[in-house]
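These notes are about the structure you will find just below.
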Amino acid sequence: MRFIIKNILLMSVLTGSLLFIDSCVSTKQYNDLKSTQQKLMEERDLLKGDNERLTVKNNELSFRIESLKKELEALRRDSLARVGELQDLQYKYTQLNKDYQTLKMAQDELVRGNVKETRRLLQELQRTQEELQKKQDDLRKFEKSLTAQQAQLEQLRYQMDERNRRLQEMEQIVQAKDSVLTALKSKVSDALLGFKDEGLTVSRRNGKIYVSMEEKLLFKTGSYKVDPRGQEALKKLARVLEKNPDINIMIEGHTDNVPYINHGGQIQDNWDLSVKRATSVVRILLQNSTIDPKRLTAAGRGEYLPVDPRNTPEARRKNRRTEIILTPNLDELFDIIDNN
C-alpha cells in the first residue's frame, strides 16, 4: 500500500514544458539541441506513464469508496426494512395479546357451562399462548440482529470517514511537497545560473530535483579531486540546501563505458571511480556548512546507468557526470499509508 499511495501522491506534482529557441547555430549545436529535445520527450513519456498508473490507482480507490457508500446505503435500507418488520411484529403481538385476553374471558364464562366446549377453548388458548411465546422469542432474536446490524453500520461509517480523512491528509501533504519542490528548483536554478554553460543542468522529474554536472565542471579525466570551479558550484548549492532541512540528498557518480586502467593508484575500476567522486562531492557539500550528514547518501553507479546508450564520444561525454538528486522527506506521507 505504501508503494501505491506514494506513486499517486508524487506524480501529481510533475509538470513542465520545453522551449526551443530558433536561431542560427552550427550543425553540432543543432544536434546537441535535438538530442536534448529527444531526452526531454522520453522523460515526458515516462512521466505520462507514471501519471496514468497513478490515475488508475486513484480510480481504484475512488471505486472502493463508492462501493463502501453503496454497502452503507444498502445497510440503511435493510435497517429501515427491519424496523418496519419489528413494528409489524409488535402490532401482531398486541393483537395476539388481545385475542388471548378475549379467549381467557370466554374461558371464564364457559367454565361454568359446557365442559367439552371448555376443553376446546382451553386447547385453543394453549395453542395461542404457545404461538405468542414463539412470537416473543422471534421478536427478541430480531431485536438482537437489528442491534448487531446497526453496530456494523456505525463501524462502516467510521471506517469510511477515517479513509476520507487520510486521503485528505495525503492530498495536503502532496500539495505541500509539490510547493516545496517548485520553490527549491527555482532557488537551485538561481544559485547555479552562472554554471549552466559549463555542463550543469537543473531538472525536475519523478517527483525529484536533479542537479546534473558533467565531468568537465567537477573533475579532470580519471580523477576524483574536485576542481576549483566545481567546488564553487557545490558551495553555492550547499547554501541553498542548508535552508531546506526537509530535503534528502543523494549524490550519484557516473562514468562512461571505457574501462579504467589502473596504473597502481587507489582507483581500481569505473565502480571505484564513481564512488570516490560521489564521496568527494559529499565532503565539499558538508565543508563549512550546517547540512546534517544524515541527509546525504553517496552512491557509485559506474557505467551502468547511462543517459545516452550510444557508443560515441558525445554520448560518453554526457554519461560522465555527477548527479545530485534532491528528494522531499515523505516520512509523514508513508506513516499515513502504513496506518491505513
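The values are calculated or read from the model by the stated rules, or taken from the named source; none is laboratory data. Since the model is a prediction, treat every value here as computed from it, not as a measurement. Positions of Cβ are backbone-derived with ideal geometry, glycine not excepted, and every protein chain shown enters the neighbour counts.
Applying the selection to the range 233-251, what residues are part of a helix (DSSP H, G or I) and of a type in the set (Lys, Arg)?
First pass over the range 233-251, keeping only residues part of a helix (DSSP H, G or I): 233-242.
Residues satisfying the conditions are Lys235, Lys236, Arg239.
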Please specify each residue of the range 34-64 satisfying the condition of being surrounded by 14 or more Cβ atoms within 10 Å (Cβ to Cβ) and either touching a Lys or Arg at 6+ places or on another chain (Cβ under 8 Å) or farther than 29 Å from Val174 by Cα (or both). Ser35, Thr36, Glu43, Leu47
So, in the range 98-127, exactly how many residues are touching a residue at least 12 places away in the same chain (Cβ under 8 Å) and not polar (S, T, N, Q)? 9
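Can you confirm whether the range 272-286 contains a residue that is in a loop (DSSP other than H, G, I, E, B) and surrounded by fewer than 15 Cβ atoms within 10 Å (Cβ to Cβ)?
So far as the range 272-286 goes, no, none of its residues is in a loop (DSSP other than H, G, I, E, B) and surrounded by fewer than 15 Cβ atoms within 10 Å (Cβ to Cβ).
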Search the range 303-340 for residues being of a type in the set (A, V, I, L, M) and more than 28 Å from Ser280 (Cα to Cα), and hand back the single one that is modelled with the highest pLDDT. Ile337
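Can Thr128 be described as exposed (fewer than 13 other Cβ atoms within 10 Å of the Cβ), out of contact with any strand residue (DSSP E or B) (no Cβ under 7 Å at 6 or more places or on another chain), farther than 30 Å from Glu154 by Cβ and of a type in the set (Ser, Thr, Tyr)?
Numbers: exposed (fewer than 13 other Cβ atoms within 10 Å of the Cβ): no; out of contact with any strand residue (DSSP E or B) (no Cβ under 7 Å at 6 or more places or on another chain): yes; farther than 30 Å from Glu154 by Cβ: yes; of a type in the set (Ser, Thr, Tyr): yes.
Here the answer is no, as Thr128 does not meet what is asked.
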Can you run down the residue pairs with Cβ atoms below 7 Å, 6 or more apart or on separate chains, where the first is in the range 188-202 and over 14 Å from Lys318 (Cα atoms) and the partner is of a type in the set (S, T, N, Q) and surrounded by 12 or more Cβ atoms within 10 Å (Cβ to Cβ)? Val202/Ser189
If Lys70 passes every condition in (1) farther than 30 Å from Ile209 by Cα; (2) modelled with pLDDT of 85 or more; (3) surrounded by 11 or more Cβ atoms within 10 Å (Cβ to Cβ) but one, which one does it miss? (3)
With the requirement that a residue be modelled with pLDDT of 95 or more and at positive phi, what does the range 261-302 give you? Gly302
Looking across the range 131-159 at residues that are aliphatic (A, V, I, L, M) and surrounded by fewer than 12 Cβ atoms within 10 Å (Cβ to Cβ), the single one that is farthest from the chain's Cα centre (by Cα) is Ala148
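From the residues in the range 194-205 that are farther than 25 Å from Leu47 by Cβ and not acidic (Asp, Glu), which one is surrounded by the fewest Cβ atoms within 10 Å (Cβ to Cβ)?
In the first step, residues of the range 194-205 are kept if they are farther than 25 Å from Leu47 by Cβ; the result is 194-195, 197-198.
The next check asks that each one be not acidic (Asp, Glu); those that pass are 194-195.
On the way: Gly194: 11, Phe195: 20.
Ranking the qualifying residues of the range 194-205, first place goes to Gly194.
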Any pair with Cβ under 7 angstrom, 6 or more apart, that starts in the range 81-97 at a residue that is under 20 Å from Arg127 (Cβ atoms) and ends at one that is aromatic (Phe, Trp, Tyr) and surrounded by 13 or more Cβ atoms within 10 Å (Cβ to Cβ): Leu89/Phe142
The listed residue being touching a residue at least 12 places away in the same chain (Cβ under 8 Å), closer than 16 Å to Ala299 by Cα and not aromatic (Phe, Trp, Tyr), out of Val226, Val240, Val282: Val282
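Is it true that Leu103 is of a type in the set (A, V, I, L, M), farther than 30 Å from Ala233 by Cβ and in contact with a Leu (Cβ under 8 Å, 6 or more places away or on another chain)?
Numbers: of a type in the set (A, V, I, L, M): yes; farther than 30 Å from Ala233 by Cβ: yes; in contact with a Leu (Cβ under 8 Å, 6 or more places away or on another chain): yes.
Yes: the conditions hold for Leu103.
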